[in-house]
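The values are calculated or read from the model by the stated rules, or taken from the named source; none is laboratory data. The structure displayed is predicted, hence computed values, not measured ones. As a convention, Cβ positions derive from the backbone with ideal geometry for all residues, glycine included, and neighbour counts pool all protein chains shown.
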Amino acid sequence: MSKQLLTKSLLGLALTAAAGAAQAEAITLNAVSFTPKTAVVSHGFEAFVEAINEEFEGELQINWRGGPEVMPPFRLADAVRNGSIDMALTSPSYYSGLVPSATASNLSFKTYEEIAETDYLERMTEVHAERGLHLLGEIPASPVKFFLFFKEEVTGLDDLEGKRIRVFPTILPFVEALGAEPLVLPMGEIYTAMERGVIDGFAQSNLGWVDQFEDVVNYYITPPYYRAGFNVLVNPEAWSELPEDLQARVQAYLRDELAPEIDDSWEEIIATGYRQMDEAGFQEVALSGEAADEYIATAIEAAWNHLSEDVDPELHADLKAMLVE
């Protein structure tokens, strides 16, 4: 074998070895979600994991280990912060004790693209960093709204006085302002609480559960309120293992390309939810006129007033300007 041919062969082997080493060095982030993999509301995170793993194949892989069966939902943010898991998908309200301002993203009627045009994501990335978390971005579901559901008949706002209503933390101030008694419970405990009469109603979207609740729900109030959106949190140390260039590309891909697509992908799922409510015989209690205006105004004002008790005034004013005004 000539010296030139030997050199080329060795070079080829070196390049092949380097490519193999790069493939072997692909970083894996272990992720847990606050919802089960099979839940309809997990649709957005499923799309995120599949897209990231395809787009960054050979560089980054997300291993979605599961949902509440792996770790209780209300512990996810702390688990990310202390490094027990690398990544979590969670509701902003599920870690409001750690990052009180996180719940602000729900207290709006804006779309993801409208919010992304502001400095909201950049500002909240800074806030999360101060609490030992990296906010990768949002899995948005802006068209998904929330309702109050009841077994016994309600005809208007006066009927809510004294009702025991399951909430997640974001909705607690609103329900309290309506004169009801809020009770924070995970989604998985709603049915049993309704069946046993522990609660009279609950706050929830209409996605993916209706056919399982036909015997404990008869009424729901409209108009719906707020917007849905779920945060992707990453442990800062795990995030630092990614090269800076890869960090920038992954974050930009989620925030600028993938998130708007996910936000536009809920319409069929929402339509299915409404159809299931009709088929189950749920009766709409439609507020109108001043009652509807009062209901929506209370939802926004009560929540933002409550948030002002836990959030720096300047940050509160900035977030409200970006999300509401």
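Restricting attention to segment 158-171, which residues are without any contact (Cβ under 8 Å) to a residue 40 or more places away in the chain and in a helix (DSSP H, G or I)?
Applying the first criterion (without any contact (Cβ under 8 Å) to a residue 40 or more places away in the chain) to segment 158-171 yields 158-167.
Of everything in segment 158-171, those that are without any contact (Cβ under 8 Å) to a residue 40 or more places away in the chain and in a helix (DSSP H, G or I) turn out to be ASP158, ASP159, LEU160.
Identify all residues within segment 82-99 that are part of a helix (DSSP H, G or I) and surrounded by fewer than 21 Cβ atoms within 10 Å (Cβ to Cβ); write none if there are none.
The first filter runs over segment 82-99 and keeps only residues part of a helix (DSSP H, G or I), leaving 92-95.
Hit for segment 82-99 is SER93, nothing else.
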Inset, instruction - Evaluate segment 76-88: report whether one residue or more is at pLDDT below 95 and under 25 Å from GLY137 (Cβ atoms). - result: no
Inset, instruction - Among residues belonging to segment 15-35 that are under 21 Å from ASN235 (Cα atoms) and surrounded by fewer than 16 Cβ atoms within 10 Å (Cβ to Cβ), point out the one that is modelled with the highest pLDDT. - result: THR28
Inset, instruction - Give GLU261, GLU257, GLU214 a once-over and let me know the one that is over 29 Å from ALA303 (Cα atoms), at pLDDT 95 or above and acidic (Asp, Glu). - result: GLU257
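Rundown of residues vs (1) assigned to a helix (DSSP H, G or I); (2) at pLDDT below 95; (3) of a type outside the set (A, V, I, L, M, F, W, C), yes/no style:
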{"site": "ALA51", "(1), (2), (3)": "yes, no, no"}
{"site": "ASN63", "(1), (2), (3)": "no, no, yes"}
{"site": "MET71", "(1), (2), (3)": "no, no, no"}
{"site": "MET124", "(1), (2), (3)": "yes, no, no"}
{"site": "ALA129", "(1), (2), (3)": "yes, no, no"}
Legend entry - Close pairs (7 angstrom Cβ cut-off, 6 or more residues apart or separate chains): within 28 Å of ASP293 (Cα to Cα) in segment 178-198, hydroxyl-bearing (Ser, Thr, Tyr) anywhere: LEU178/THR298
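Got a sec? Which helices (runs of 4 or more DSSP H) wholly within segment 243-325 have at least 1 residues that are out of contact with any Lys or Arg (no Cβ under 7 Å at 6 or more places or on another chain), in contact (Cβ under 8 Å) with a residue 24 or more places away in the chain and not assigned by TED's automatic domain parsing to the domain that holds SER108?
Details: elements: 244-252, 259-263, 267-280, 289-307, 313-323.
Qualifying helices (runs of 4 or more DSSP H): 267-280, 289-307, 313-323.
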Inset, instruction - Looking only at segment 201-242, count how many residues are in a strand (DSSP E or B), touching a Lys or Arg at 6+ places or on another chain (Cβ under 9 Å) and hydrophobic (A, V, I, L, M, F, W, C). - result: 4
